[in-house]
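See below for the structure under consideration.
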Amino acid sequence: MTSQRNAASVAGIWKLGDLTVNRIGFGAMRLTGNAPFDLRGVPSDRERSISVLRRAVELGVNHIDTAAFYFSAKRSANELINRALAPYPEDLVITTKVWPGRDSSGKWWWAAPEQLRGQVEENLRQLGRDHLDIVNLRIPPSRTTGSIAEHFAALAGLRDAGLIRHLGISNATPGHLAEARAIAPVVCVQNPYSVGAPREEQEFLRACGELGVAFVPFFAIAGAGREAGASAGDSEAVLAVARAHGVSAAQVRLAWTLRQGPHVLAIPGTGDPDHLVENVAAGAIRLSEDEIAHLQSSHEGGE
């Protein structure tokens, strides 16, 4: 078995600007509870969440995705990260997101360009840092065809001021990427992507690779289940590949994701220590070209 410290490096590395990360990372959304955006949900066990974060770093995870709006009634993902990992390892890269926000009642709101500094400073305070490694501009669904120039330019100004090291975009289209790159360098695109992704999303993933921009799928395991998590049933195609390799369906989905290109990073999230180990181990699964093609073709139009 791969040594603990090197487990997350088996899938390879990628550079986000001048920051090198292992391609298997960790998403912090589920650290706060099983219903991450419902203040009425049951909060996570604090010590267990802290232990999951520490175990992730032990396994070689050096890329953690979070946001100030990841909080439940009693838990904040950023503050859990701070408590578990500060003082932070030198090689740890923390990515966060701004534009959406939530007030104390859990209600969502969207920041104006001049409010983004406050959101950045909130992340800095919660994480206990003097700068943020990477900030993704999380684009609202209403801006699918609209401009993001004002908001991205505001983030670029904060980068120039030293509060942010690198910039990315999330929930983005090729048009958004072109618009953002005309303003400042973009190191990553973070979009929903899983087995059965539509052809236009596959093309966007490949285009990012050609530009040297990391593509960071979220919901790679959950798929259509999104925030609610993976659905109860996986397709027979996924289950058949899982049986052939002696692994779980979730691991197959992650292994498939990583095979989409060397620029593709995975950020599976969990509050379960055993699932964490399984997720990291997925980087060592080698799917054949036939398995990759079969998984995609069997899901097209179905998820």
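Coordinate-derived values only; no laboratory data. Bear in mind the structure is a predicted one, so any value in this text is a computation, not a measurement. So basically every Cβ, Gly included, is an ideal-geometry build from the backbone, and we count neighbours across all protein chains shown.
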Legend entry - Alpha-carbon Debye profile of the chain, log10 I(q)/I(0) at 0.08 Å⁻¹: -0.32
Inset, instruction - Mind checking the stretch 16-101 for GluC sites (Glu not before Pro) that DSSP puts in a loop (not H, G, I, E or B) and that have at most 10 other Cβ atoms within 10 Å? - result: E90
Legend entry - DSSP loop trypsin sites (Lys or Arg not before Pro) with at most 15 other Cβ within 10 Å excluded, longest remaining stretch of the chain: 108-285
Inset, instruction - Would you please give the residues with an amide H less than 5 Å from that of F218, counting only those at least 5 places away or on a separate chain, with H modeled from the backbone geometry? - result: N191, Y193
Inset, instruction - Take every DSSP beta bridge with both residues inside the chain and express the antiparallel ones as a percent of the total, to the nearest 5. - result: 25
Inset, instruction - Of the DSSP beta bridges with both residues in the stretch 37-134, give the percent that are antiparallel, rounding to the nearest 5. - result: 50
Legend entry - In order through the stretch 235-248: 3J(HN,Hα) via Karplus (6.51 cos²θ - 1.76 cosθ + 1.60), integer Hz, x for Gly, Pro: 5, 5, 4, 5, 5, 5, 5, 4, 5, 4, 9, x, 10, 7
Legend entry - Cα gyration tensor category, rounded, prolate or oblate, for the stretch 24-72 with a/c compared to 1.5: oblate
Inset, instruction - List, in order, the whole-Hz ³J(HN,Hα) value for each residue of the stretch 195-209 obtained from phi through the Karplus relation with A = 6.51, B = -1.76, C = 1.60 and θ = phi - 60°; use x for Gly and Pro. - result: 3, x, 4, x, 4, 5, 6, 4, 5, 5, 4, 5, 5, 4, x
Inset, instruction - Quick one: what are the phi-derived ³J(HN,Hα) couplings along the stretch 176-188, Karplus 6.51/-1.76/1.60 with θ = phi - 60°, whole Hz, x for glycine and proline? - result: 4, 4, 4, 5, 5, 5, 6, 9, 7, x, 10, 9, 7
Inset, instruction - Choose one of A68, I183, P140: the residue whose Cα lies farthest towards the positive end of the charge dipole of the stretch 22-299 (beta-carbon charges +1 Lys, Arg; -1 Asp, Glu; about the Cα centre). - result: A68
Legend entry - Long-range HN-HN contacts of G25 with modeled amide H, under 5 Å: A266, I267
Legend entry - Cα-based reach from K15 at 20 Å (exclusive), listing lysines while leaving out same-chain residues under 8 positions away: K97
Legend entry - Cβ charges +1 (Lys, Arg) and -1 (Asp, Glu), total dipole of the stretch 22-299, debye: 460
